[in-house]
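The values are calculated or read from the model by the stated rules, or taken from the named source; none is laboratory data. What you see is a predicted model; the values in this text were computed from it and never measured. Here Cβ is always computed from backbone atoms with ideal geometry, including for glycine, and neighbour counts include all displayed protein chains. The accessibility values were calculated without ligands, DNA or RNA, using every heavy atom of the protein model including side chains. Shrake-Rupley method; radii C 1.70, N 1.55, O 1.52, S 1.80 Å.
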Amino acid sequence: MSPNQAAAERIVKRGLGLGAAGLVGVAAVYVLALRFTPVEARQGMAQKIFYIHVPAAWSALIAFSVVGLSSVLYLWLKDPRLDRFAAASAEVGVIFSAVMLTTGPIWAKPIWGTWWTWDARLTLTLFVFFLFIGYLALRAAVHDPAERARFSAVVGILGMLLVPFIHLSVYLFRTLHPQPIVLKPSAPSLPPEMLRTLLISTLVFTVLYLGFVTARYGLGLAEEAREEARDAG
């Protein structure tokens with residue numbers, strides 16, 4: 001085994017360990033949410049999905065922001081590690097977006113009476129999701145590493161620029177989504193027990209993101225190391 005392959009294997013193991021810790025944390029969060037967090041008076045038990053939906057959204061938007069920042073740095077420094085990390089973060093972000101876009105309608109149906117509505121936040125979120133699916137498709141279609149990294153960086157930066165508008169959309173447009181109850185200038189609107197559960201879940205999902213992106217980065221590094229060894233042989 002080459003030094004690069006050994007390093008990649010260590011990174012993958014580190015990522016899998018973090019990911020496993022995150023998955024255990026998700027299970028613990030739902031025990032906390034179902035047994036030790038009050039039921040919301042108007043929404044009832046349907047509101048419990050909030051503790052998965054919101055942290056998944058947070059992780060997705062963080063992942064897409066990291067793609068954009070890594071892409072900016074790649075265009076400046078031309079370091080392939082930055083391109084590899086951007087690709088890993090994009091894949092993980094798409095996974096968390098899928099969770100967000102699945103749990104949202106499940107929550108919306110009993111509360112809004114509809115699975116989906118084309119309001120500003122939902123539409124923009126879906127657009128960003130498809131943009132990053134396109135980012136991954138672009139990476140699969142372009143085989144020259146330098147061109148792939150350069151083209152992907154442009155798309156990643158454009159995606160990052162849309163992320164703040166998802167948060168601001170409830171201020172800029174009429175939408176069924178309520179205005180922010182935590183990320184706002186004044187104090188959070190949630191009761192302390194609900195806020196505690198949400199913050200713990202957000203931390204758990206952040207650990208899950210770090211684990212997944214670390215493992216995916218290591219797998220990309222291992223694949224490159226195998227290709228280099230094959231070319232050398």
Residue pairs qualifying under the 8 Å Cβ cut-off, at least six apart or on distinct chains, with the first in region 64-82 being closer than 19 Å to Ile166 by Cβ and the second being modelled with pLDDT of 95 or more and of a type in the set (D, E, K, R), are Ser71/Asp83
Is it true that some residue in region 118-125 is modelled with pLDDT under 95, in a helix (DSSP H, G or I), open to solvent by 30 Å² or more (accessible area, probe 1.4 Å) and over 19 Å from Leu158 (Cα atoms)?
-> no
The condition from (1) modelled with pLDDT of 95 or more; (2) closer than 19 Å to Leu208 by Cα; (3) of a type outside the set (A, V, I, L, M, F, W, C); (4) open to solvent by less than 20 Å² (accessible area, probe 1.4 Å) that Ser70 misses is numbered (2)
Could you run through region 112-132 and say how many residues are out of contact with any helix residue (DSSP H, G or I) (no Cβ under 6 Å at 6 or more places or on another chain) and among the aliphatic types (A, V, I, L, M)?
-> 2
Could you list all residues from region 19-55 that are more than 15 Å from Leu199 (Cβ to Cβ), in contact (Cβ under 8 Å) with a residue 40 or more places away in the chain and among the hydrophobic types (A, V, I, L, M, F, W, C)?
-> Ala20, Ala21, Leu23, Ala46, Ile49
Pick from region 166-211, criterion touching an Asp or Glu at 6+ places or on another chain (Cβ under 8 Å) and of a type in the set (A, V, I, L, M, F, W, C), ranking: modelled with the highest pLDDT | Met194
Quick one: in region 126-146, of everything that is open to solvent by 60 Å² or more (accessible area, probe 1.4 Å) and more than 14 Å from Ala98 (Cα to Cα), which residue is nearest to the chain's Cα centre (by Cα)?
-> Ala140
Since Leu16 meets every condition but one in (1) out of contact with any Lys or Arg (no Cβ under 8 Å at 6 or more places or on another chain); (2) crowded, with 18+ Cβ neighbours inside 10 Å; (3) more than 19 Å from Leu199 (Cβ to Cβ), which condition does it not meet?
-> (2)
Single residue of Ala41, Ala46, Ala88 found to be in contact with a Phe, Trp or Tyr (Cβ under 9 Å, 6 or more places away or on another chain), at pLDDT below 95 and over 21 Å from Ile166 (Cα atoms) = Ala46
Pairs returned, first residue in region 105-133 that is over 20 Å from Ala46 (Cα atoms), second residue that is open to solvent by 70 Å² or more (accessible area, probe 1.4 Å) and modelled with pLDDT of 95 or more, beta-carbon separation under 9 angstrom, 6 or more apart or interchain, are Leu131/Leu158
Any chance Ile52 is open to solvent by less than 50 Å² (accessible area, probe 1.4 Å) and of a type outside the set (Gly, Ala, Ser) = yes
Residue by residue through region 51-100, note down the ones that are of a type in the set (Val, Ile, Thr) and within 28 Å of Ser201 (Cα to Cα).
-> Ile52, Val54, Ile62, Val66, Val67, Val92, Val94, Ile95, Val99
